[in-house]
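Shown next, in structure tokens, is the structure this report addresses.
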Amino acid sequence: MSLIEKYDYFIFDLDGTIYRGEHLIPQANKVVNHLKEINKRIVFASNKTTGTAQDYYYLLKNWGLNVEENEIINSTIVASNYLKQNFKGETFFAIGEDSFIKEIEHSGLKHSLLPEEINIILVTLDRTLNYIKLEIAARALENGARFFAANIDDTCPIDDGEVIDAGSTISALQKRTHRKLELHFGKPSEFMFNEIKNHLKFVPSRTLLIGDRLETDITMGNNFGIDTALVHTGVKFFPNGTENIIPTYQLNSVFDLLSHKS
């Protein structure tokens, strides 16, 4: 039996799994479109916050994938929902890019650069990261601000390698302030899992999660009783405490879903 026959629900990571940097993973569009043609249920779950769900929808559509905008979840959506419910009206500072900051503001929080005003620090991927941003965050944390993150990925895959992501920034802030991260909203958190569950309404035994990262994608599947497939098109693998994170399957790329036997 093929993996496509065995499962009815498919949770896909995006960057490193469906695309990498500015390029589609070869044949990824054929895999997704075939799943849709045979009425499989799909959701895309990403820890990346440099664009909105609508941005990723247009990106995938331009590559020829038959997707709907409501099939895309990123950790910005998860963080926004939590903050809107629990911290509306509070003041935050984000180590993140403009798109992320605007979405958090739309959830009812106020952005500030003044450490004495800041109640919440949010960390995510920021390709404009600099010393000034780190020190604003550090001083706010020293003043007692809450310490949250949209994701905890150490790196993000790009076309010719990887770049520093939130996990590396979190580590720097923890060492600088001796504060520990309190919550994060991306994979493998329960916040992200519940958001996916609300979108897909899946049956765990009939669900496959496909991603490129052991400590987020595969860990989330393992934590919540979902079979997983690790693809080798994204981040590099290092034996840094991930030796015991075992995927159900290993694939060269998502294209192998069409031929791999369970």
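The values are calculated or read from the model by the stated rules, or taken from the named source; none is laboratory data. On a predicted model such as this, the values are computed, not experimentally measured, just so you know. Positions of Cβ are generated from backbone atoms using ideal geometry, with glycine treated the same way; all protein chains shown enter the neighbour counts.
Out of the range 1-57, which residues are among the small types (G, A, S), under 18 Å from the mean Cα position of the chain (by Cα) and closer than 27 Å to G225 by Cβ?
G16, A45, S46, A53
Only one residue in E243, E182 is modelled with pLDDT of 95 or more and of a type in the set (D, E, K, R), so which one is that?
E182 is the lone residue from the list that is modelled with pLDDT of 95 or more and of a type in the set (D, E, K, R).
Kindly indicate the residue of the range 127-151 that is over 12 Å from T177 (Cα atoms) and of a type in the set (D, E, K, R) and also nearest to the chain's Cα centre (by Cα) among those meeting that condition.
R127
Check E71, E103, E97, E90 and return the single one that is acidic (D, E), crowded, with 16+ Cβ neighbours inside 10 Å and touching a Leu at 6+ places or on another chain (Cβ under 8 Å).
Of E71, E103, E97, E90, the one residue that is acidic (D, E), crowded, with 16+ Cβ neighbours inside 10 Å and touching a Leu at 6+ places or on another chain (Cβ under 8 Å) is E97.
Are there any pairs with C-beta distances below 6 angstrom linking a residue in the range 129-149 that is among the polar types (S, T, N, Q) to a residue that is at pLDDT 95 or above and surrounded by 13 or more Cβ atoms within 10 Å (Cβ to Cβ), with the two at least 6 apart or on different chains, and if so which?
Hits for this filter: N143/P115.
Quick one: how many residues across the range 1-24 are over 18 Å from Y58 (Cβ atoms), in a loop (DSSP other than H, G, I, E, B) and modelled with pLDDT under 95?
Of the residues in that region, 2 qualify.
For the range 133-144, state whether one or more residues are touching a Ser or Thr at 6+ places or on another chain (Cβ under 7 Å) and closer than 13 Å to T49 by Cβ.
no
Does at least one position in the range 147-154 carry a residue that is under 20 Å from T50 (Cβ atoms), surrounded by fewer than 21 Cβ atoms within 10 Å (Cβ to Cβ) and assigned by TED's automatic domain parsing to the domain that holds K88?
Within the range 147-154, one or more residues are under 20 Å from T50 (Cβ atoms), surrounded by fewer than 21 Cβ atoms within 10 Å (Cβ to Cβ) and assigned by TED's automatic domain parsing to the domain that holds K88.
When only residues in the range 103-126 that are within 11 Å of T49 (Cα to Cα) and among the charged types (D, E, K, R) count, which is nearest to the chain's Cα centre (by Cα)?
D126
With the requirement that a residue be over 16 Å from G225 (Cα atoms) and touching a residue at least 40 places away in the same chain (Cβ under 8 Å), what does the range 196-210 give you?
H199
Show the residue pairs meeting these rules: Cβ distance below 7 Å; 6+ apart or different chains; first residue within the range 83-100 and assigned by TED's automatic domain parsing to the domain that holds K133 and farther than 23 Å from R127 by Cα; second residue surrounded by 24 or more Cβ atoms within 10 Å (Cβ to Cβ) and among the hydrophobic types (A, V, I, L, M, F, W, C).
L83/I104
For the range 106-135, which positions are in a helix (DSSP H, G or I), among the aliphatic types (A, V, I, L, M) and more than 16 Å from A166 (Cβ to Cβ)?
I132
When you look at S171, is it of a type in the set (G, A, S) and in the same structural domain as L141 (by TED's automatic domain parsing), yes or no?
It is true that S171 is of a type in the set (G, A, S) and in the same structural domain as L141 (by TED's automatic domain parsing).
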